[in-house]
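Below is one structure, written out as structure tokens; comments come after it.
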Amino acid sequence: QVQLVESGGGLVQPGGSLRLSCAASGSIFSILDMGWYRQAPGKQREGVAVITGGGLTNYADSVKGRFTVSRDNAKNTVYLQLNSLTPEDTAVYYCRVAAQATGSISVSAYWGQGTQVTVSS
């Protein structure tokens, strides 16, 4: 089907930056929306950013102006640039892709394995 591999997490000081990547591979017919979610300890998973196939973007209020989502359709990859990070951004970040697998007429959601982002001095 469709596999997602994330990379780019790590430990960063407050005010720092990171860039997350999520590459989709497998039997892909088409990719629609691509996005990022995060889950902090003891909290529910929340949406962070999404980008449509046409390039439209939307962000959670808590990250507007600091995070930027982008995609490279040729590489089936979505990125999340995280700037001006604060300790409140510490979480496991997951990518989510809505895609149609080859041979399927339905669209399914696929999730990455998650990558840890820790913001601490």
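The separation of the range 59-76 from the range 95-121, counted between C-alpha centres, amounts to 14 Å.
May I ask you to list the residues of the range 55-76 whose amide nitrogen lies under 20 Å from a point 7 Å from Cα along the Cα→beta-carbon direction of Asn83? Residues 56-72 qualify, since their backbone N sits under 20 Å from the label point. For the range 45-56, backbone phi angles converted through the Karplus equation (6.51, -1.76, 1.60; θ = phi - 60°) give residue-by-residue couplings of 5, 10, x, 10, 7, 9, 9, 7, x, x, x, 6 Hz, Gly and Pro being listed as x.
Please compute the net charge surrounding Pro14, taking Lys and Arg as +1 and Asp and Glu as -1 over other residues with Cβ under 15 Å from its Cβ. Result for the neighbourhood of Pro14: -1. Sequence-ordered 3J(HN,Hα) estimates for the range 62-75 from the Karplus curve with 6.51, -1.76 and 1.60 and θ = phi - 60° stand at 5, 10, 4, x, 10, 10, 9, 9, 8, 8, 10, 5, 5, 9 Hz, glycine and proline given as x. Note on surface exposure: Thr52, Thr77, Thr102 rank Thr102, Thr52, Thr77 by accessible area, highest first, 1.4 Å probe. Under 5 Å from the amide H of Leu32 lie the amide H atoms of Ala98, Ala99, Gln100, each residue being 5 or more positions distant or on a separate chain, with H modelled from the backbone and absent for Pro and chain starts.
Count charges around Met34 for me, please; just the other residues with Cβ under 9 Å from its Cβ, Lys/Arg as +1, Asp/Glu as -1. With Lys, Arg at +1 and Asp, Glu at -1, the neighbours total +1.
Ligands, DNA and RNA left out, the 1.4 Å accessible surface of the chain is 49% carbon and sulfur atoms. Just check the range 33-93 against the gyration tensor rule for me: Cα atoms, a ≥ b ≥ c as the square roots of the eigenvalues, rounded for a/c under 1.5, and otherwise prolate or oblate depending on whether a/b exceeds b/c. Cα axes put the range 33-93 in the prolate bin. Ligands, DNA and RNA are left out, and with a 1.4 angstrom probe the accessible area of the chain is 52 Å² per residue.
Divided by 2.2 N^0.38 Å, where N counts the residues, the Cα radius of gyration of the chain comes to 1.04.
The values are calculated or read from the model by the stated rules, or taken from the named source; none is laboratory data. Here the structure is a predicted model, which means the values were calculated and not measured. Ideal geometry is used to build each Cβ from the backbone, glycine not excepted, and the neighbour counts take in all protein chains shown. Just the protein is used for accessible areas: all its heavy atoms, side chains included, with ligands, DNA and RNA removed. Shrake-Rupley method; radii C 1.70, N 1.55, O 1.52, S 1.80 Å.
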